[in-house]
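Peer 1: My structure is below; once you've seen it, I'll send some questions.
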Amino acid sequence: IDETLRALDDLVRQGKVRYVGCSNYTGYRLVESLWSADKKNTARFECVQLQWSLAVRDAEREVIPACRAFGLGPLVWSPLARGFLSGKYRRDQPPPAGARLDAWKDSFKALDNDRCWGVLDAVRKVAEQHDSTPSAVSLAWLLARSEVSSIIVGARTVAQLDDNLAALEL
């Protein structure tokens, strides 16, 4: 950690980067890094890139509370749980051909459970109530979290991008 932070600090001091962040750190590793940066007087991580969605909420146990406590901004990847929360998947049916989770079968298995289907059912219901889509509702939920600095969407078409951008109005 010390060597990594020293190298990143050199880049900040040289003006090559403004801020540094980490990706997929556990809560203890993140806090250890912040402690090391403070102790060694180096640049610290200002953001954490992590997986977070209504379907995958593991980050809420340790990493998100650490972000709140130490003022880091989560940069969320896979906010639609690899497309699961887009609404195109159906319970007791295989993923549509060509869909992301059709290729990533292990990821689909991890989401193919009663809890995730229940989440998707609730998201669909909220989307109907707001004349919106499951994607927009799922993204709006994340955008409403004050600690979230940004989300990374994986739209493959203009229609998907438009659907994702609808979250800004919800």
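The values are calculated or read from the model by the stated rules, or taken from the named source; none is laboratory data. Note that the structure is predicted; figures quoted are calculated from it, not measured. Neighbour counts run over all protein chains shown; Cβ positions are idealised from the backbone, glycine included. Accessible surface areas use protein heavy atoms only, side chains included; no ligands, DNA or RNA. Shrake-Rupley method; radii C 1.70, N 1.55, O 1.52, S 1.80 Å.
Peer 1: Which value, in Å² and to the nearest 10, is the accessible area of VAL126 when all protein chains are kept and the probe is 1.4 Å?
Peer 2: Probe radius 1.4 Å; accessible area of VAL126 about 50 Å².
Peer 1: Of the listed peptides 116-125, 70-79, what is their order by residue-averaged count of other C-beta atoms within 10 Å, with the highest listed first? Provide the component values of the computation, followed by the final result.
Peer 2: Working: 116-125: 16.7, 70-79: 19.4.
Result, highest mean Cβ count within 10 Å first: 70-79, 116-125.
Peer 1: Which ³J(HN,Hα) values in Hz, rounded to whole numbers, follow from the phi angles of the stretch 13-22 under the Karplus curve 6.51 cos²θ - 1.76 cosθ + 1.60, where θ = phi - 60° and Gly and Pro get x?
Peer 2: Whole-Hz 3J(HN,Hα) from phi for the stretch 13-22: 5, 7, x, 7, 9, 8, 9, 10, x, 10.
Peer 1: To one decimal place, what orientation-averaged projected area in nm² is obtained for the convex hull of the Cα set of the stretch 1-119? Provide the component values of the computation, followed by the final result.
Peer 2: Values: hull surface 35.6 nm².
One quarter of the hull surface, i.e. the mean projection, equals 8.9 nm².
Peer 1: Assuming R0 = 25 Å, what is the FRET efficiency of ARG90 and ASP162, from their Cβ-Cβ distance, to the nearest 0.05?
Peer 2: Working: r = 23 Å, r/R0 = 0.90.
According to the calculation, E is roughly 0.65.
Peer 1: Okay, next question. Using just the helices of the chain, give the 222 nm mean residue ellipticity in deg cm²/dmol: DSSP H runs with n ≥ 4 each add -39,500 (n - 2.57), and the total is spread over all residues, rounded to 500.
Peer 2: Values: 8 runs with 79 residues, N = 170.
My calculation for the chain gives -13500 deg cm²/dmol from helical runs alone.
Peer 1: Using heavy-atom solvent-accessible surface (probe 1.4 Å) with all chains present, what is the largest-first order of ARG91, ARG156?
Peer 2: Details: ARG91 95, ARG156 135 Å².
The ordering from most to least exposed comes out as ARG156, ARG91.
Peer 1: Another question, then. Only residues of the stretch 137-155 count here: report those whose backbone N is under 19 Å from the spot 7 Å along Cα→Cβ of GLU60, or say none.
Peer 2: Within reach of a label on GLU60, which here means backbone N under 19 Å from a point 7 Å along Cα→Cβ, the stretch 137-155 contributes 137-152.
Peer 1: To continue, here is another question. Over the chain, what relative contact order in percent results from Cα pairs under 8 Å that are six or more residues apart?
Peer 2: On the way: 234 pairs, mean separation 32.9, N = 170.
It comes to 19 percent, rounded to a whole number.
Peer 1: Throw me the Rg/Rh for the stretch 49-100, computed over C-alpha atoms with Kirkwood Rh, two decimals.
Peer 2: Details: Rg = 14.1 Å, Rh = 12.5 Å.
Rounded to two decimals, Rg/Rh equals 1.12.
Peer 1: Pick from ALA55, ALA144, ALA127: which is most flexible by mean-square fluctuation in a GNM of the chain where alpha carbon atoms under 10 Å apart are linked?
Peer 2: Among ALA55, ALA144, ALA127, the largest mean-square fluctuation in the Gaussian network model of the chain belongs to ALA144.
Peer 1: Shifting gears a bit: Mind grabbing the accessible area of TYR25 for me, 1.4 Å probe, Å², rounded to tens?
Peer 2: Here the residue's solvent-accessible area equals roughly 60 Å².
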